[in-house]
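Report on the following structure.
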Amino acid sequence: MANTKVAELGHKALGLTDADVLAMYRQMLLARAVDERMWLMQRAGKIAFIISGQGHEAAQIGITWPMRPNQDWMAPYYRSIASAITFGMTPEDIVTAHLAKGDDVSSGGRQMPGHYGAARYNIVSLSSPVGTQVLHAVGIAMGAWVKGEDVVALTSFGEGTSNQGEIHEAMNFAGVHKLPVIFVCENNGWAISVPLDQQVGGLSVAARAAGYGFPGVTVDGGDPLACYAAAKEAHERARRGEGPTLIEAVVVRLTSHSSDDDQRRYREAGEVEDLKQHDPLPIFANRLRAAGLLTTELEEQFRAEVKAEINEASKRAEAHPEPDVANAERWVYAEDGD
Amino acid sequence: MAELNILEAIRAAMDEELERDPNVMVLGEDVGKKGGVFGATDGLWAKYGGKRVLDTPLTEAMIAGAAAGAAIYGLRPIAEMQFADFAYPAFNQIVSEISRMRYRSNNTFGLPMVIRMPYGGGVHGALYHSQSNETYFTSTVGLKVVAPGTPADAKGLLKAAVRDSDPVMFFEHKKTYRLFKAEVPDGDHVVPIGVADVARPGKHLSIFCYGYMRFCALEAAETLAREDGIEAEVVDLRSLRPLDTATVLASVAKTGKALVVHEANRFGGFGAEVAAIIAEEGFEHLDGPVTRLAGPEVPGVPFHHNLEDWFMLNPAKIVEAARALAAY
């Protein structure tokens, strides 16, 4: 996958500038830095639980890159840390949510870590039973279709979730009415401890799209440019009224399922060791270097900036107020003035 | 004033709300060209088009979940479950997602949406076209649940539900659809959610009911007055969540005796909550045991008419229960 020839990065053919691809890489670094900081804070006892996006960053950055902030919508899932950043969540928002602070934009400290969502960024509030959010994305796309408005809804989920009945209902309905929605399956091969061949009879999630009457494409989720190309095409299709696309991005899960899991219990030792070879960050960095775009100085600058950003974000997040028990019974229903 | 039956009143409410607010839409199975299996949406597809009156695949989770997404987007969807019995594939969406959205998002996402639930037996629908499953939803915090028993309330409560900022489960008893006609006020008739209706004042005992049981309880009250000289107060709860506790307790304070009537089975049913509230908050007024008259403890309404008649509550059964309580 890693290229050594300058001419082969191919980003300009996709309409991306040098600055764009460097920005994509920087954002991958930022998402990783936030994710790693969450683990540190979890081990330090500050955060109760972590569910990680490490290994999914290239797919998430590439796929969310064509989305239009404050216009398009996203119904994410629990690994969508990099996607949430593209949609506008700041590192401070994310750390604040993980610390369950009272003014956390996702839930005001009501939900567990990893439940990304924020009305202000057009990110739908997420729950824990998997797959439920996919119908919400389809409903948003239906709303835009009914109103004749130029909006694309993107939703993401893992290949384990792809087997849920609600996913079938969502994709079928979106296919019937050619709704402007992009289904993103981030296939990391593992549903907690159960491998792909024990979950997906046909071994391909993308292949299912044919039955729903729209394209299903499989992309290398370690390659942000391949993911971007697929998402850009899907976004354009949706806006042209041609309907949904299912993108299956094949990614690696670099961590255990969550901070409560130990993947050494079910993954072969060699596989776990080998995972680092598939880390999309150094792979993309090598390509950018080979293309003459990423210098050592720039890489160091990015890393320093990202480190400063997460340090500052964590510091500010820790100073946010705790939830007030006096509000615990509020906002079950709308209150006067809502 | 127009004389309408409940089905016509429901249709009029949807028609007027679709007309009034371009964000209102209707979705469900067969709601389009056919006009719904009961005719509730008859004519709306032709008037508002196939997007705002949208036929869906046979996918109840999708109907509820997509309605929720549309509500997030700013629409006010009215989702129809063809029969309340078929809502269970949507249970995850309704009970786990829709009811919790406002709370879990700390008030940043509300879901202004209605789910219409044609419920109840006595229509030869057997186990899977007759259920009264409101208790699953009345016990779910975050939902509102209403069950009208008159055409005026059906229209007024449905309009209130469409305009509400939160999800409303709208239970419409199928047997009442064409049971009788009654006057519905002209104009923009809206009945606030959360207010019970004293359908018939009385002094000897209170009968608490909703939906089709309002009709049966009023018939029973006529018989009790005529044959026994018992003046039963019939309180139509109309709104189950939120419940108009003040009206319930005021009635018990007046009569001293409470009979709670519903078609759903007794154990853990909605009547248990009404009875508990009366026992806790109206104990000093009681002059007899709070009594429940409810559907039998079987998993559904059996089909044969002998069996269905055995299952169904009716005015005679209410009269019998009321006489026993009055004599206590």
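Each reported figure results from applying straightforward, stated rules to the coordinates on display, with no laboratory input. Keep in mind the model is a prediction, meaning the values are calculated, not measured. Don't worry about glycine lacking a Cβ; one is built from the backbone with ideal geometry, like all the others, and counts go over all protein chains shown.
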Residues of A:127-136, mean number of Cβ from any other protein chain within 10 Å of their own Cβ, rounded to a whole number? 6
What's the exposure ranking of A:S127, B:S165, going from fewest to most Cβ atoms within 10 Å? B:S165, A:S127
Zone of B:D287 (label point 7 Å along Cα→Cβ, backbone N under 12 Å): which residues in the range B:200-218? B:203-206
Long-range amide H contacts for A:I50: which residues qualify at under 5 Å (H placed 1.01 Å from N, peptide plane, sequence gap of 5 or more or a different chain)? A:S259, A:D260
For the range B:2-184: rounded, prolate or oblate by the Cα gyration tensor [a/c cutoff 1.5]: rounded
Note to self: C-alpha centroids of the range B:96-140 and the range B:73-91 sit apart, in Å, by 8
Flagged as over-length at 20 Å C-alpha distance, from B:K34/B:K174; A:K178/A:K232; A:K101/A:K315; A:K178/B:K159; B:K51/B:K181, the pairs are A:K178/B:K159; B:K51/B:K181
Show the residues, 5+ positions off or on another chain, whose built amide H is closer than 5 Å to the amide H of B:N265. B:G295
Among beta bridges that DSSP assigns inside chain A, antiparallel share in %, nearest 5: 10
GNM on chain B, C-alpha springs below 10 Å: top fluctuator among B:G211, B:G269, B:G187? B:G187
Once every DSSP H run of n ≥ 4 in the protein assembly as shown is given -39500 (n - 2.57) and the sum is divided by its residues, what mean residue ellipticity at 222 nm do you get, rounded to the nearest 500 deg cm²/dmol? -11500 deg cm²/dmol
Between B:R76 and residues 5 or more places away or on another chain, the pairs with built amide H atoms under 5 Å apart involve B:V24, B:M25
Among DSSP beta bridges lying fully in the protein assembly as shown, give the percent that are antiparallel, nearest 5. 15
Counting only DSSP beta bridges with both partners in the range A:149-298, the antiparallel fraction in percent, to the nearest 5, comes to 10
Find which of A:M142, B:G28, B:H304 sits farthest along the positive direction of the dipole of the protein assembly as shown, computed with +1 on the beta-carbon of Lys and Arg, -1 on that of Asp and Glu, about the Cα centre. A:M142
Using the Cα centre as the reference, give the magnitude of the dipole from point charges on the C-beta atoms of the protein assembly as shown (Lys, Arg: +1; Asp, Glu: -1; all else neutral), rounded to the nearest 20 debye. 640
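Mean Kyte-Doolittle of at least -1.0 and a Cα length of 30 Å or more along the axis: which whole DSSP H helices of chain A meet both?
Passing helices, by number: A:18-43.
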Normalised contact order of chain A, rounded percent, pairs of Cα under 8 Å and 6 or more residues apart: 24
To the nearest whole number, what is the average tally of beta carbon atoms from other chains within 10 Å of the beta carbons of peptide B:72-78? 6
Expressed in angstrom and rounded, the centroid-to-centroid distance over alpha carbons for the range B:288-328 and the range B:174-243 is 17
Could you sort A:38-51, A:147-160 so that the peptide with the highest average Cβ count within 10 Å comes first and the rest follow in order? A:147-160, A:38-51
Show me B:309-317, B:30-38 ranked by packing, highest mean number of other Cβ atoms within 10 Å first. B:30-38, B:309-317
Along the charge dipole of chain B, Cβ charges K/R +1 and D/E -1, which of B:A221, B:A275, B:S251 sits furthest on the positive end? B:A275
Enter the Cα centre distance for the pair the range A:84-143 and the range A:150-208, rounded to the nearest angstrom. 19
Work through the residues other than B:H129 whose Cβ is under 12 Å from its Cβ and net out their charges, Lys, Arg +1 and Asp, Glu -1. 0
About the Cα centre of the range B:197-326, how large is the charge dipole given +1 on each Lys and Arg Cβ and -1 on each Asp and Glu Cβ? Please answer in debye to the nearest 20. 60
How much net charge surrounds A:T96 when only other residues with a Cβ under 10 Å from its Cβ are counted (Lys, Arg +1; Asp, Glu -1)? -3
Averaged over its residues, how many other protein chain Cβ atoms are within 10 Å of peptide A:76-83's Cβ atoms? 0
Low-density loop positions, trypsin sites (Lys or Arg not before Pro), the range A:262-298 - DSSP coil, at most 11 other Cβ in 10 Å: none
Taking the Cβ of A:A269 as the centre, find all other residues whose Cβ is under 15 Å away and add up their charges (Lys, Arg: +1; Asp, Glu: -1). -1
Each label point is 7 Å from the Cα along the Cα-to-Cβ direction; what then is the distance between the points at B:H124 and A:D336, in nm? 5.3
What GluC sites (Glu not before Pro) does the range B:273-302 have in DSSP loop regions with at most 15 other beta carbons within 10 Å? B:E297
Which order do the peptides B:125-131, A:251-257 come out in when sorted by mean C-beta neighbours inside 10 angstrom, highest first? A:251-257, B:125-131
At q = 0.09, 0.15 Å⁻¹, what log₁₀ I(q)/I(0) does a Debye calculation on the Cα points of chain A give, no solvent, two decimals? -0.47, -1.33
Treating the beta-carbon of each Lys and Arg as +1 and of each Asp and Glu as -1, no other charges, what is the dipole magnitude of chain A about its Cα centre, to the nearest 20 debye? 440
